[in-house]
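Data first, discussion second: the structure below is written as structure tokens.
Only the coordinates and a few stated rules stand behind these numbers; no lab work does. Please read these numbers as outputs of a predicted model, since none were measured by experiment. Cβ sites come from the backbone with ideal geometry, for glycine too, and all protein chains shown count toward neighbours.
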Amino acid sequence: MAERRDDTGVRSRLHGRRAAIGGLFVAAFALGGCRYDVFDAQGPVGSADALITLDALAIMLAIVIPTMIATVAFAWWFRSSNGKARYRPEWNYSGRLELLVWAIPVLVIMFLGGVIWVGSHELDPAKPLPSSAKTPPLNVQVVSMDWKWLFIYPDQGVASVNRLVIPVGTPVHFTLTSSSVMNAFFVPQLGSMIYTMNHMADQLWLQADHPGIYLGESSHFSGDGFSDMHFNVDAVTPAAFAGWIQTVHGAGPALDAAAYRTLLAQSSNDRPVTYGSTAANLFNDIVSQELPTGPGPAGTPAAQSTAGSKVRPR
């Protein structure tokens, strides 16, 4: 009976090890499909964000790696078979050791604080990116909805849903709001994330330096359709962008107050559509709530969450 119990224990341990190894393989396989867009920057803001992340990682590893090495070294040196290791049960204080123990984390915090301080000023979302007379900034007004994105090009008089087209090498000035609950606008390869809030207008500057199709998404849970609330950012040459604007002008319905009210209906996985013209001051009417707000995930008007608030452009 004892042998059977021992065999059972061995088998259970083997099964446990196999399950653990299998779990590691599954985790490694799943992580292999992860996207690392944050470190594949395609613009100046994205590159600066990636650099800050890597700098912070290097500063933290400067304390993590020595700590891991010291743990192994101390365990090896003070092993029971090492006669050279001194056993000092009465020892309890060392000024030099205390200085070392406290100086390292203080320096790490100072370095991290400096990186964050400099980065937060250089990468202020509302700080304009450098532009020239040949490449003036492009203005895009963004409205997060349930559960889609509306992009209005006020200077060109067109709009699109779930597709953002921008010219390469041109600073893009985004003005963002929400027609419903709070959301978050994020294009990982281009840079900073910023929240969109009902009855408010925030500012963000981004730029794409290379042609391509980049993932844009919502990074803040906003209800049932949140997981499908993404869009493509098409970074094209200035000539191709001008051609797209001309094409959109010649086709598609008008985005007026009635069309906007239709867009407010909750939906997800909407295919990209374009509007050949837009009503004047449409975005301002959305921010000031001259136009109705979206129902919100629970079917409650989003305006209730901001009742009595004022429009606060940033």
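Overview of values
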{"read-out": "Hits among aspartates and glutamates - C-alpha to C-alpha of Lys148 under 16 Å, sequence gap 8 or more where chains match", "value": "Glu217, Asp224, Asp228, Asp270"}
{"read-out": "Stokes-Einstein D for segment 138-305, Kirkwood Rh over Cα pairs, 4 °C, 1.567 mPa s (µm²/s)", "value": "82"}
{"read-out": "Ordering of 80-87, 96-103, 222-229 by burial proxy (mean other Cβ atoms within 10 Å per residue, highest first)", "value": "222-229, 96-103, 80-87"}
{"read-out": "Peptides ranked, highest mean first, by Cβ atoms within 10 Å: ranges 64-72, 201-209", "value": "201-209, 64-72"}
{"read-out": "Overall form of segment 196-236 per C-alpha gyration tensor (a/c, 1.5; a/b vs b/c)", "value": "oblate"}
